[in-house]
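The structure appears right after this line, and notes come after that.
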Ligand SMILES: Nc1ncnc2c1ncn2[C@@H]1O[C@H](COP(=O)(O)OS(=O)(=O)O)[C@@H](OP(=O)(O)O)[C@H]1O
């Protein structure tokens, strides 16, 4: 066969196309492992331009991973405690460089089941985009679902990192999560009742994956530099966002014990709501950044604005409805021990 310029170009284009197709299949398979309910549901995803843009962004991140930074700090929770707002407000600082996505979902296998530093880097800025004196971060509050595994992994990857935890009454936050999750368009649990969601999480609670996560946390604490998770862990993690991530005492304990009390900042959601500017400046100071930078008015930020998802305002009753008494009592019971322990931890701080 004659080797000519056009045949070399054709071979390169075919090889590139094949590599892209393999990466595309692998990447979306990673997501589907955590959300098996979606498998086969969108057969025409190939025709969606936004999906290809996202895939190319991920591919670029992967191929340049070795040139990227790991986070300097993390917002590890709790969901529904203003984490999207904190993410946006912090990114206003000239010395903070935001990551490619608000929530990496790294812990749940969205960048593959092998949780190694090189894979994690793919989401963060290139070193020249985040030079010395600048900070980058991950704001994946879903990690609060498995705080011991998350804290052990993040400490292994970035032992000097700082941790920001926003908290709110867990009952209020869980009800907020229910209203949000049941209104996300295209989600398998769209329109579900609270009972349906509560039951699914109770069933997931019985999974042996939680004990497996603790084993992985122990191996990271003992010095492992990377661990392999199972698809079941990803499935448990991303689908248990109603109840588990509001176990605030567990979250605080897991991170404080591994990063040290001085490296963990607790933000009360009520303070954020009352004085967003003051709260953000407090976080800047905690991160050793200039806290006097000029800031625009800090308005409320809804998660759908940051997470690029569509919610149905009227699905499942009014989005602003208050929690019915029977659900309130169930949630109160579920969180009683956590609330008690957290109050004791706060009084010792
Ligand atoms: N500045 C300010 N002041 C007061 N409240 C605010 C602010 N910014 C965001 N929010 C409220 O935070 C709730 C969403 O929290 P998260 O962004 O953590 O949600 S998510 O976990 O990322 O889905 C959500 O509240 P609820 O809808 O009551 O749950 C947002 O309205």
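Being exposed (fewer than 11 other Cβ atoms within 10 Å of the Cβ) and either farther than 26 Å from residue 151 by Cβ or in contact with a strand residue (DSSP E or B) (Cβ under 7 Å, 6 or more places away or on another chain) (or both) is true for just one of 344, 274. Which residue is that? So that I can check it myself, show each step before the final result.
Working: 344 fails: either farther than 26 Å from residue 151 by Cβ or in contact with a strand residue (DSSP E or B) (Cβ under 7 Å, 6 or more places away or on another chain) (or both).
After ruling out the rest, the residue left standing is 274.
Can you say whether residue 168 is within 17 Å of residue 245 (Cα to Cα), surrounded by fewer than 24 Cβ atoms within 10 Å (Cβ to Cβ), modelled with pLDDT of 95 or more and under 17 Å from the mean Cα position of the chain (by Cα), as far as the supplied structure shows? Break it down into steps so the answer makes sense when it comes.
On the way: within 17 Å of residue 245 (Cα to Cα): yes; surrounded by fewer than 24 Cβ atoms within 10 Å (Cβ to Cβ): yes; modelled with pLDDT of 95 or more: yes; under 17 Å from the mean Cα position of the chain (by Cα): no.
The answer is no for residue 168.
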Residue count for the range 172-205, restricted to those that are surrounded by 21 or more Cβ atoms within 10 Å (Cβ to Cβ) and in contact with a helix residue (DSSP H, G or I) (Cβ under 6 Å, 6 or more places away or on another chain): 3
Residue 266 vs. criteria touching a strand residue (DSSP E or B) at 6+ places or on another chain (Cβ under 6 Å), surrounded by 13 or more Cβ atoms within 10 Å (Cβ to Cβ) and within 16 Å of residue 81 (Cβ to Cβ): yes
Given (1) within 16 Å of the ligand (Cβ to nearest atom); (2) touching a residue at least 60 places away in the same chain (Cβ under 8 Å); (3) in a loop (DSSP other than H, G, I, E, B); (4) surrounded by fewer than 22 Cβ atoms within 10 Å (Cβ to Cβ), index of the condition residue 70 fails: (1)
Selected residue [within 25 Å of the chain's Cα centre (by Cα), away from the ligand (no atom under 16 Å from the Cβ) and not in a helix (DSSP H, G or I)] from 298, 289: 289
Test: residue in the range 5-21 that is within 19 Å of residue 108 (Cβ to Cβ), without any contact (Cβ under 8 Å) to a residue 24 or more places away in the chain and surrounded by 12 or more Cβ atoms within 10 Å (Cβ to Cβ): no
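The values are calculated or read from the model by the stated rules, or taken from the named source; none is laboratory data. Note that the structure is a prediction, hence the values are computed from the model and not measured. Backbone-built Cβ (ideal geometry, glycine too); neighbour counts: all protein chains shown.
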